1. Taking a cut-off of 17 Å between Cα atoms, list the lysines near C:K93, but don't count ones fewer than 8 places away on the same chain.
2. Kindly provide the Kirkwood hydrodynamic radius of segment A:16-69 in Å, to one decimal, from all pairs of distinct alpha carbon atoms.
3. Just flag the GluC sites (Glu not before Pro) in segment B:11-90 sitting in loop per DSSP whose Cβ has no more than 12 other Cβ atoms within 10 Å.
4. Would you kindly calculate the translational diffusion coefficient of segment C:1-131, applying Stokes-Einstein with the Kirkwood radius from alpha carbon pairs, for 20 °C and a viscosity of 1.002 mPa s, and quote it in µm² s⁻¹ without decimals?
5. How high is the FRET efficiency from A:R72 to C:D206, r the C-beta distance, R0 25 Å, rounded to 0.05?
6. Given labels modelled 7 Å from the Cα in the Cβ direction, how far is it in nm from C:K198 to A:I153?
7. Could you work out the relative contact order of segment A:53-327? I mean the mean sequence separation of Cα pairs under 8 Å and 6+ apart, divided by the number of residues, in percent.
8. When you count, for each residue, the other Cβ atoms within 10 Å and take the mean per peptide, how do C:343-350, C:56-63 rank with the highest first?
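What follows draws every value from the coordinates through simple rules; no lab data is involved. The shown structure was predicted, so the numbers you read here are calculated from the model rather than taken from an experiment. Neighbour counts are summed over all protein chains in view; Cβ atoms, including those assigned to glycine, are modelled from backbone coordinates with ideal geometry.
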Amino acid sequence: MNPNIFFRILVFPGFLFLFVLILFCDWFERKIMARMQNRMGPSYTGPFGILQPLADYIKLLTKEDIIPHHARQFLFSLTPIISFSIFMLSIFCFPLDGINVFSNYGFEGDLLFVLALVTFAHFFLFLSGWSSSNPYSGIGAVRILMQFIGYDIPLIISAIGPAFLAGSLSLAKIASMQTIPFALLTPWTFILFLVALQAELEEDPFDVPHAETEIVAGYGTEFSGRKLAFIRLAKDTQIVFGAVLTATLFLGGPYGPVFSAPPSLWFTIYFVLKVLFVIALLEFVEAICARLRIDHVVRGNWRMITPAALLSVILTVLSAPYIRLFMGAPI
Amino acid sequence: MRRIKMPQMIVEIASAVFKKPFTFQYPFTKPKVPEGLRGRQIFHPERCISCGLCARDCPAEAIEMVEVSGKKMPLIHLDSCIFCYICVENCPRNALTESTFYELASTNKESLALRPEKPESEGEATEGE
Amino acid sequence: MKEIAIEEEIIGTLEGMLGESVLGSKSPRPRRVYIHVKPAAHKRAISALLQAFPSTIISTITGIDLGETIEINYHFWCGKAEVTIRTNLSKSKPEIETITDIVPGASLYEREVHDLLGVKFANHPNLTRLLLPESWPENSYPLRKDWNPKQTGEIHDSSEETLTIGETRTESNGGSLVNVIVGPQHPALHEPERFLFKLDGEVVVDVEPRLGYAHRGIEKAAEHLMFFQDVHLVERVCGICNVAHTTCFCQAVEALGEIEIPSRAKYLRTIVHEFNRIHSHLLLLGIAGLEIGFESLFQYLWRDRETVLDLTEKLTGNRVMAEYSTIGGVRRDLTPILGDEIKKKLQKIRDRLSFYKEVFQSDPTIELRTKGIGVLSEEKALKLCVVGPVARGSGVKSDVRKHDPYAAYEDAPFKEILYKDGDSWSRLMVRLEEVGESIEIITWAVDNIPSGPYRIRVPRRMPRGESLSRVEAPRGELIHYVKGNGTAYPERVKIRSPTLANIISFREMIRGCYVADIPAVLASLDPCFSCTDRMVFVDEKNGRRWIWSMNDLKARRRDS
């Protein structure tokens, strides 16, 4: 065991670093969305408004925390924290600065471990809406379930593609095998993965679970104060998780040319840049689309996205030897 | 269902990232205000003849005639005023004139009144800002 | 002259069909006919009118308390003139037969008269309160002249009438429907209104709108202010379509006092009116985009709307509440420099319009969310008497600027935009193209404005009489009915704004649609609820009777 494991878990590249990264990504997301809509975005708190997400969370912590009379109190209080924690835990499994937080190269199959954890976290988000005993939350919770269960399938199927190309299910191995990013080698899988990811993250056009204009705030309607802060943190962590997953599977993770020691500094920089790139891409798709209706979302999934994901995996498997030759890796 | 999106919207959105934003930071950059804007009125006490027409004609009943050193003069309650300028138009001696001062936000109600004994000149902020 | 012949023709036809039920008739102005009938003969008169002119739609029903009697005026637009059929009822027993079986669009108007004046309409399918809250005391009718706010009766407990959200009620045919309440506070609504939806799964089966949450008492308050002060009160009926309200009211009072305003003033009114229309339509298209989740479209449209608001500010002195028209003309003039600037900036908006047209016509997600959704067929639109872009989106010709011209519209070159499909998409496209037409009108008006005075002085007192004025507000036909009694205060001001006419059609449109379509359809209907409810307000605290008059309100505001 690495002697400074506590430092790694708690500070870098662990909890504190990730927390700051999540806030930064939140700011980046809002700023880029604002610029795409020709307006300023956060600008008043701190230089370029960079302290805005922190200010939002501090504000939320100072607000009154109301538990509705009919809600299931235990679940209601616990589910936001649990979802946030599970998302955070799943990011720990990624090789953020070359090696993951627990300072080994992960284990074979941690791709599946991470995907399973995330399914759990989504389930807890559903529970948070369900335990609120408010019809709007109920409708939102049910929609989340429909959406993530449906789109988990093409997500996992598309995630198998890079695993096949790299020949292993370990995140660190997949990331390190990418001398040329898989996004360029198998663009069909990349695009499908992004679509499925957009649905998992409940962003436009798959914004249905918390479509504000229809069901107030979906599963987050009844939360206020600290619990709302956790729900929002969970949401932001979910987006960062999605970007981290994409960056690891398709863009080569943290690996890239190293110019000076220590290598972990450069790896972190590349990683953060790739995460920001993925977020910008997702925001772009969000800006150009309207919201689809729930029946469009469900029908689109079963009729188009899942078959396309299956086809793309078949295509990847068939072309794998040629791609591996191209990459120079052993077949 | 997901066909290729309409190109113009994409081009528009992508290029907007590089353009200057349309919004600006308000307290640090002030917008250009046209000269016809109906802002807070200016009162000239030397011209007032205490006819009370402004108070009678105000649709929002926002003007109150108060006694100031022996003469009755109008006190305009800016929190009720709708800035329609009927008082400005109807005053027979032009004792109320217009200005474009619009930054009237305040944290106490007392300052939201145009008092005849202390007519603020154009551009002076109300207290409590 | 051809115009007088139309009014004479209408009077002649109706007198011929009704014989001696007609007690009197007159036509004081072009396209306005008033017919007085005996108390029980109103239904026959209306059927006769419908028979003679099949495309008649009801405009509104006005009730006036005349002391001994209550006068009920039924206002109809018969395609060529506005025909008012009136009858008197005794105040002690005000009962009259309903007309909803021949004119279904009249149901809300009858409920309004019942609510505020206490007239019973026999055989009305649903004679419940429209604007006042359920707990309003019985036998207290605010629009009556002898109503005193301090002496209303006890507020009764309305708890058994309130509904819980999400309760399921089993219907008689065996299925079960869930009630979902949208409003009064809901992000999809921009003004408070309560809609009770009956859902079968995700499909909407029925909806019951409950109006009255933004009810402020403007019609009653207008009787206590002088005419020129009322212009400012009436403007605050609605922020978005405020110019339409002032124009309509000023026209009504000018017709009452037989004042002819200079033609320069007419052109200036037209210009500001069209500016208001552009800003309202752009606002609505942005909101429609927001409702379907397309936030970028919303931001872009509102950015372009800023240009229009800045131009309005330069011309009138205010961005939103223009306060431009007054009785006798307009308050400010248009300088040539400003005229050139207007034309240049509007040209830029015209170029942006072609971009938006392309977006609406070819974006797949917009198509998915609005095409074929919320369909209102042409015959339903006629029967329910809808107005404005809702009617024009279903193919019904109803544009007051074309058929009953006012201000400078008689000479202005523009087209009436009609779409045949009647779905949400058509209604949005009607509004988009109308923005283009408005730009044409403004450019024409700025180029051809006649010189001369822009305002004339008018007396404060208006003679006895009545007048009815119609304008095309951005949402449809707006009617003001003003009755004067020889003093400087009006006897009665009746305002019927377009959303009240359109709200009944919401039920027809939303049947069979999904819950997710509700905001999109509602946005295409363009409801402006602050226009719709404008009557007396009541405050209830802890079940105690607590009604504030204007002085109480002011005193309370000064202290706190």
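1. Partners within reach: C:K38, C:K120, C:K145.
2. On the way: mean 1/r = 0.0811 Å⁻¹.
With all distinct Cα pairs of segment A:16-69 included, I get 12.3 Å.
3. Numbers: sites: B:E12, B:E35, B:E46, B:E61, B:E64, B:E67, B:E89; in loops: B:E35, B:E61.
Sparse-neighbourhood loop GluC sites (Glu not before Pro): B:E35.
4. Calculated translational D: 143 µm²/s.
5. Values: r = 32 Å, r/R0 = 1.30.
Here the calculated transfer efficiency is 0.15.
6. With each label point 7 Å from Cα toward Cβ, the separation is 3.7 nm.
7. Working: 430 pairs, mean separation 76.9, N = 275.
Relative contact order comes out at 28 percent.
8. Values: C:343-350: 14.4, C:56-63: 23.5.
Ranked from most to least packed, the peptides come out as C:56-63, C:343-350.
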